[in-house]
Amino acid sequence: MSRFHLTGVVRCAYCKNFNMTKTGTFPDIRERSRAAFLGVAVGDALGAGLEFMTPGEIRSKHGTVREIIGGGWLRLKPGQITDDTEMSLCIARAIDKAGGWSLQEIAESFAGWLKTKPIDVGDTCRRGIRNYLLKGVLETPYNQWDAGNGACMRMLPAAIHSLGSDDLLEKYAREQARLTHNHPLSDAACIALGRLVHLAVMGCSKTRLRREVENLLSRHENFRFEPYRGLASAYVVDTMQTVFHFFFKTRDFEQCLVATVNQGGDADTTGAIAGMLAGAYYGMEGIPKRWLKKMDKRLLTEIDALTDRLVSLSPLMAETTGLAR
Ligand SMILES: [Mg+2]
């Protein structure tokens, strides 16, 4: 029997809960991981046309946006993705190529991507990648202006690759983030988001996910999202408040993403992060087929293959196949 078809009871690394026969099986974990990565791409494509608009501007121009329409300041084709998905792919391809975590390989992958003159690159990301290219720097120095969402938006591969180990999650989250962003709020958001993805992929409830957010709030009050202030800028605090607010307020993938991107601002990144979390939580069934149809088929195929590889290389898979022996 291929390990892709194994089913079994899996212990949640956070709940320490063995009672996950209904949800925590290998196919479920693979499927949710895949939905999380596709969620990044779909959320990016859905939000990209609305970037930098206010909710009022979106309403008067489009009503409520429920379809992937492209356009926006980047004049995107419907289904076209931006840096959020592209940088996530860079990390996933680097892990695939190295057969495991290699910060050097990830930096090389970012550098190769920057040389292709991408349609959109955040200033902080560009500066970090240039520092690597010029000086070989793998950790950018602390900078008070580095609290943007550029490290958080590409967290998914690090989260999937560290499934089963909170220690590795922290290490990977921080390392990948600091290639370009070095700020405690960016680090905290990356680690918290990674933990939420772990919990959602393992089949934990929203109540459990909410508790994880409370852990973040107890250390960093800034991320408190109730009452919601309605800010969806690229400041990682605004971004995460928006994602938390709409993820916990809505009841399915589509509602969550529609509400998030119609908030405007950095809509491709809030969309990508909301898509990551909602994809991990609701699984493939939640992602509207009409949205997937708008996406490039080669992209979807590559995301499937890379996600499978990331799950296979994770400690969870090593641990569980070890247990099965
Ligand atoms: Mg973008």
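The values are calculated or read from the model by the stated rules, or taken from the named source; none is laboratory data. Keep in mind that this is a model prediction, so the values were computed, not measured. Neighbour counts run over all protein chains shown; Cβ positions are idealised from the backbone, glycine included.
Okay, here's what the table says:
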{"quantity": "Within the stretch 160-173, tally of residues that are without any contact (Cβ under 8 Å) to a residue 40 or more places away in the chain and closer than 22 Å to Glu86 by Cβ", "calculated": "1"}
{"quantity": "Qualifying residue in the stretch 302-325 (condition: within 16 Å of the ligand (Cβ to nearest atom), of a type outside the set (A, V, I, L, M, F, W, C) and either under 22 Å from Glu67 (Cβ atoms) or more than 15 Å from the chain's Cα centre (by Cα) (or both))", "calculated": "no"}
{"quantity": "Residues located in the stretch 180-209, provided they are part of a helix (DSSP H, G or I) and either among the small types (Gly, Ala, Ser) or modelled with pLDDT under 95 (or both)", "calculated": "Ser186, Ala188, Ala189, Ala192, Gly194, Ala200"}
{"quantity": "Restricting the stretch 239-283 to residues that are within 16 Å of the ligand (Cβ to nearest atom) and of a type in the set (D, E, K, R), the residue that is nearest to Leu199 (Cα to Cα)", "calculated": "Asp268"}
{"quantity": "Qualifying residue in the stretch 210-223 (condition: assigned to a helix (DSSP H, G or I) and surrounded by 23 or more Cβ atoms within 10 Å (Cβ to Cβ))", "calculated": "no"}
{"quantity": "Which numbered condition Leu138 fails, given (1) surrounded by 17 or more Cβ atoms within 10 Å (Cβ to Cβ); (2) over 27 Å from Arg34 (Cβ atoms)", "calculated": "(1)"}
{"quantity": "Residues satisfying the stated conditions in the stretch 224-235, i.e. within 16 Å of Gly47 (Cβ to Cβ) and surrounded by 17 or more Cβ atoms within 10 Å (Cβ to Cβ)", "calculated": "Ala232, Ser233, Ala234"}
{"quantity": "Residues of the stretch 74-88 classified as surrounded by 22 or more Cβ atoms within 10 Å (Cβ to Cβ) and in a helix (DSSP H, G or I), total", "calculated": "5"}
{"quantity": "Options Gly49, Gly99, Gly71: the member that is within 13 Å of the ligand (Cβ to nearest atom) and either among the small types (Gly, Ala, Ser) or crowded, with 16+ Cβ neighbours inside 10 Å (or both)", "calculated": "Gly49"}
{"quantity": "Conditions (1) more than 27 Å from Leu38 (Cβ to Cβ); (2) modelled with pLDDT of 95 or more; number of the one not met by Ile129", "calculated": "(1)"}
{"quantity": "Positions within the stretch 85-96 being closer than 11 Å to Arg154 by Cβ and of a type outside the set (Gly, Ala, Ser), in sequence order", "calculated": "Thr85, Glu86, Met87, Leu89, Cys90, Ile91"}
{"quantity": "Criterion: surrounded by 24 or more Cβ atoms within 10 Å (Cβ to Cβ) and either over 27 Å from Val258 (Cα atoms) or without any contact (Cβ under 8 Å) to a residue 60 or more places away in the chain (or both) - qualifying residue of Gln176, Gln144", "calculated": "Gln176"}
{"quantity": "Pairs where the first residue, in the stretch 97-126, is within 14 Å of Met153 (Cβ to Cβ) and in a loop (DSSP other than H, G, I, E, B) and the second is polar (S, T, N, Q) and within 16 Å of the ligand (Cβ to nearest atom), C-beta under 6 Å, 6+ apart", "calculated": "Asp120/Thr82"}
